[in-house]
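Everything on this sheet refers to the single structure shown next.
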Amino acid sequence: MQQLWTDLDDYIEDHLLPKDERLDKVIQNTVEHGFSNHLAVAPNQGMFLQMLIQMNNCKRVLELGTFAAYSTVWLARALPQDGYLLTIEGRESHAQMAQKNLDEANMPTHIEVKAGKAADVLNDLPQDTAPFDFIFIDADKGSYPDYLELSLKFSRSGTIIVLDNVIRAGDILNLDNHKPSITGLRDTFKALQDHPKLLSCTALQTVGSKGHDGFAIAIVK
């Protein structure tokens with residue numbers, strides 16, 4: 001099935017996604033510097049995130065988990081020139097690669113890369129930091145419950161929060177799996193369930209070039 005899923009993602013990309021040399025260059029740089037592009041979102045998933053931002057006229061975006069900035073470019077493509085994107089990456093080597101890729105992409109909107117633990121970076125933001133309109137969480141899964149609560153502090157009514165990789169090929173159903181990443185995701189589902197600060201929430205399974213996984217999507221009340 002994996003080959004079929006990959007072939008279908010390629011078909012979708014060939015027919016529906018416009019070519020963008022900036023995105024191609026990010027992937028090329030990432031591979032040339034020895035990083036696996038498997039950690040990046042699939043192109044059709046990047047377009048999905050971009051469309052969510054476009055549909056809601058978002059101007060301020062927060063991303064937790066930059067890797068090499070492939071998803072960052074997708075998010076930034078949807079922003080106006082006076083938009084702002086803050087992306088946080090825990091690994092210094094990834095943050096350096098991301099900054100290089102973003103410098104070469106020369107996006108028209110303001111993108112800021114901060115290296116460090118997401119919780120530390122967010123807690124260090126000024127008290128008067130304006131809320132974000134869209135938040136994409138794609139960092140260490142064991143910390144997702146904490147990231148959710150921190151994200152809510154920097155949200156407004158109507159902010160969209162998307163959490164990536166929440167299905168993990170169904171591993172969340174295997175109660176014998178006690179990996180921190182899986183237990184963190186189970187705790188995230190519990191936190192999302194009837195959360196008093198969320199208007200609505202769901203999760204969608206995905207299959208494709210990245211295997212079997214999925215997104216959780218929430219709207220702040």
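Does residue 135 count as touching a residue at least 60 places away in the same chain (Cβ under 8 Å), closer than 30 Å to residue 11 by Cα and touching a Phe, Trp or Tyr at 6+ places or on another chain (Cβ under 7 Å)? In short, no. Kindly indicate the residue of the stretch 15-28 that is out of contact with any Pro (no Cβ under 7 Å at 6 or more places or on another chain) and in contact (Cβ under 8 Å) with a residue 12 or more places away in the chain and also surrounded by the most Cβ atoms within 10 Å (Cβ to Cβ) among those meeting that condition. That would be 26. If we keep just the residues of the stretch 29-48 that are closer than 9 Å to residue 68 by Cβ and polar (S, T, N, Q), which is most open to solvent (accessible area, probe 1.4 Å)? Once the filter is applied, the top-ranked residue is 37. For beta carbons closer than 6 Å, sequence separation of 6+ or different chains, a first residue in the stretch 70-99 that is over 20 Å from residue 154 (Cα atoms) and a second that is surrounded by fewer than 20 Cβ atoms within 10 Å (Cβ to Cβ) and basic (Lys, Arg), the qualifying pairs are 73/22. One residue alone among 200, 155, 151, 181 is open to solvent by less than 70 Å² (accessible area, probe 1.4 Å), under 15 Å from the mean Cα position of the chain (by Cα) and modelled with pLDDT of 95 or more, and that residue is 151. Yes or no: residue 117 under 18 Å from the mean Cα position of the chain (by Cα) and open to solvent by 30 Å² or more (accessible area, probe 1.4 Å)? It is true that residue 117 is under 18 Å from the mean Cα position of the chain (by Cα) and open to solvent by 30 Å² or more (accessible area, probe 1.4 Å).
Within the stretch 120-132, if we keep just the residues that are farther than 16 Å from residue 162 by Cα and in contact (Cβ under 8 Å) with a residue 24 or more places away in the chain, the residue that is least open to solvent (accessible area, probe 1.4 Å) turns out to be 122.
The values are calculated or read from the model by the stated rules, or taken from the named source; none is laboratory data. For clarity, every value in this text was computed on a predicted model and none was experimentally measured. Positions of Cβ are backbone-derived with ideal geometry, glycine not excepted, and every protein chain shown enters the neighbour counts. With ligands, DNA and RNA removed, areas are computed over all heavy atoms of the protein, side chains included. Shrake-Rupley method; radii C 1.70, N 1.55, O 1.52, S 1.80 Å.
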